[in-house]
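The block underneath contains the structure these notes are about, expressed in structure tokens.
The values are calculated or read from the model by the stated rules, or taken from the named source; none is laboratory data. If you're wondering where the values come from, they're calculated on a predicted model, not measured in any experiment. FYI the Cβ positions are ideal-geometry reconstructions off the backbone, even for glycines, and counts take in every protein chain you see.
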Amino acid sequence: MNVAIVHEWFASYAGSERVVEQLLNLYPEADLYSLVDFIPRPARDFLHHKAVTTSFLQNLPFAKRKFRSYLPFMPLAVEQFDLRAYDLVLSSHHAVAKGILTRPDQLHICYVHTPIRYAWDLQEQYLETSGLSRGWKRVLPALILHYLRLWDVATVGRVDRFVANSEFVARRIQKTYQRNAEVIYPPVNTAPFQANQSRQDFYLAMARHVPYKKMELILEAFNQLGLPLVMIGDGTETLKSQARANVQILGYQPDEVVKTYLETCKAFVFAAEEDFGITVVEAQAAGAPVIAYGRGGACETVISGQTGLFFQQQTVSSLSHTIAEFEQNGIAASSEEISTHAQKFTIQRFQTEIKAFIDQAWAEFQTKQFHS
């Protein structure tokens, strides 16, 4: 098979890029396509230092810093890739990647991290945080998002088989696209973490400071509770002026530092409604109990009462009540048992499941081609 892997953009190494990394490990001869590629040379190990075919967006003004601003042009850009040479096309989708053009004799499998959330369920939050939710300012962005929804639905038929990164995303695929999806959880590198370290008396919150991560909610809850909290993540430095003495804000930290905090925290606090939530699994791999918002992918990776606890509303009072419950009663599982649970989401498991799915889909596709 000639294989192509299509990803929306290469600008960092995060959850969706880890999926691409493992697809490349399975298909090392595959060619890579992406709307833009701004991964610096020293950080390209996960791409096997391959060249990436990019779109015209790569060369537009200020693209390196502002490529997301070219969202209205992304549907057109992804349709310009010439994929005629490939038998199998794997798209890694959270915005427009599934809209690539393929022929009937090519198999297109789409791994969905999420349908394009800012055009669907997060539209109002997206417009509000951008200062575009009222008056004439709203008209143009709302029109663009309307167009994106129409295009998003119109391109569903270009995909032969959907794979979702969680049951939560599979339900959204069914609602948005009216298509079934196989659930294969993304790969989590659980190997570096140890669960036998001594737990210390501090909670840990780790995420980028963006609205849906709800880092301010966590900060406010701990300001009121007075319990020790460490916060790690890009942009969290802006919260320092709001933090009381019991809260330590470290901002971005390298992997080794993060590993140490995950292995020694009293519990990991997570307030976002995530499609999957890799850090939640990493925390459990390190033996940390998780206190998480009870919606989204965390409901599939955390066992309530065993490996963590859920709070049911994204409010300070709901989170504070659950933390108080944890302070009083703890959870049933030991650090070692929590870590063992996290091994259900390993890299090896992902490789086995995705390879079996692709092989089966390819065999069925070839059979249909033979009989048509």
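Which count do you get for residues in the range 22-67 that are within 23 Å of I354 (Cβ to Cβ) and out of contact with any strand residue (DSSP E or B) (no Cβ under 8 Å at 6 or more places or on another chain)?
Qualifying residue count, the range 22-67: 9.
Contact list please: Cβ distance under 6 Å, first residue in the range 170-191 and more than 17 Å from R117 (Cα to Cα), second residue in a loop (DSSP other than H, G, I, E, B), pairs at least six apart or on different chains.
P186/N165; P186/F276
Restricting to the range 232-269, what's the tally of residues that are touching a Ser or Thr at 6+ places or on another chain (Cβ under 7 Å) and either farther than 19 Å from E216 by Cα or among the hydrophobic types (A, V, I, L, M, F, W, C) (or both)?
Residues meeting the conditions: 2.
Quick check, is G287 more than 21 Å from the chain's Cα centre (by Cα) and not assigned by TED's automatic domain parsing to the domain that holds E17?
Judged against the criteria, G287 is a match.
Do any helices (runs of 4 or more DSSP H) entirely within the range 110-200 hold 2 or more residues that are at pLDDT 75 or above, surrounded by fewer than 20 Cβ atoms within 10 Å (Cβ to Cβ) and of a type outside the set (A, V, I, L, M), and if so, which?
Correct list: 136-154, 167-177.
Against the condition more than 29 Å from R117 (Cα to Cα), surrounded by fewer than 16 Cβ atoms within 10 Å (Cβ to Cβ), polar (S, T, N, Q) and modelled with pLDDT of 95 or more, how does Q313 come out, does it pass?
When the stated conditions are applied, Q313 does not pass them.
Could you go through the range 208-215 and let me know if any residue there is crowded, with 20+ Cβ neighbours inside 10 Å and in contact with a His (Cβ under 6 Å, 6 or more places away or on another chain).
Yes, because at least one residue in the range 208-215 is crowded, with 20+ Cβ neighbours inside 10 Å and in contact with a His (Cβ under 6 Å, 6 or more places away or on another chain).
Scan the range 317-348 for residues that are in contact (Cβ under 8 Å) with a residue 60 or more places away in the chain, out of contact with any Ser or Thr (no Cβ under 9 Å at 6 or more places or on another chain) and either surrounded by 19 or more Cβ atoms within 10 Å (Cβ to Cβ) or in the same structural domain as Q22 (by TED's automatic domain parsing) (or both) and report the count.
Result for the range 317-348: 3.
Please determine whether any residue of the range 63-75 is under 30 Å from E364 (Cβ atoms), buried (at least 20 other Cβ atoms within 10 Å of the Cβ) and under 23 Å from the mean Cα position of the chain (by Cα).
no
Can you find a residue that is among the small types (G, A, S) and without any contact (Cβ under 8 Å) to a residue 12 or more places away in the chain anywhere in the range 238-246?
Yes, there is a match, as at least one residue in the range 238-246 is among the small types (G, A, S) and without any contact (Cβ under 8 Å) to a residue 12 or more places away in the chain.
Among the residues of the range 15-58, count how many are of a type outside the set (A, V, I, L, M, F, W, C) and outside any helix (DSSP H, G or I).
15
Which of the residues that make up the range 59-97 are within 19 Å of D152 (Cα to Cα), of a type outside the set (A, V, I, L, M, F, W, C) and part of a helix (DSSP H, G or I)?
Once the filter is applied, which keeps residues that are within 19 Å of D152 (Cα to Cα), of a type outside the set (A, V, I, L, M, F, W, C) and part of a helix (DSSP H, G or I), the range 59-97 yields R68, S69, Y70, P72, P75.
Just to be sure, is F311 of a type in the set (A, V, I, L, M, F, W, C) and over 30 Å from I5 (Cα atoms)?
When the stated conditions are applied, F311 passes them.
Evaluate the range 205-212: report whether one residue or more is farther than 30 Å from K355 by Cβ, part of a helix (DSSP H, G or I), at pLDDT below 95 and not basic (K, R).
Within the range 205-212, one or more residues are farther than 30 Å from K355 by Cβ, part of a helix (DSSP H, G or I), at pLDDT below 95 and not basic (K, R).
Filter the range 1-44 down to the residues that are in contact with a helix residue (DSSP H, G or I) (Cβ under 9 Å, 6 or more places away or on another chain) and of a type in the set (D, E, K, R), then identify the one that is nearest to I184 (Cα to Cα).
Filtering first and then ranking leaves R18.
Considering only the range 1-29, state which residues are aliphatic (A, V, I, L, M) and either over 23 Å from P75 (Cα atoms) or within 23 Å of the chain's Cα centre (by Cα) (or both).
Selection gives M1, A4, I5, V6, A11, A14, V19, V20, L23, L24, L26.
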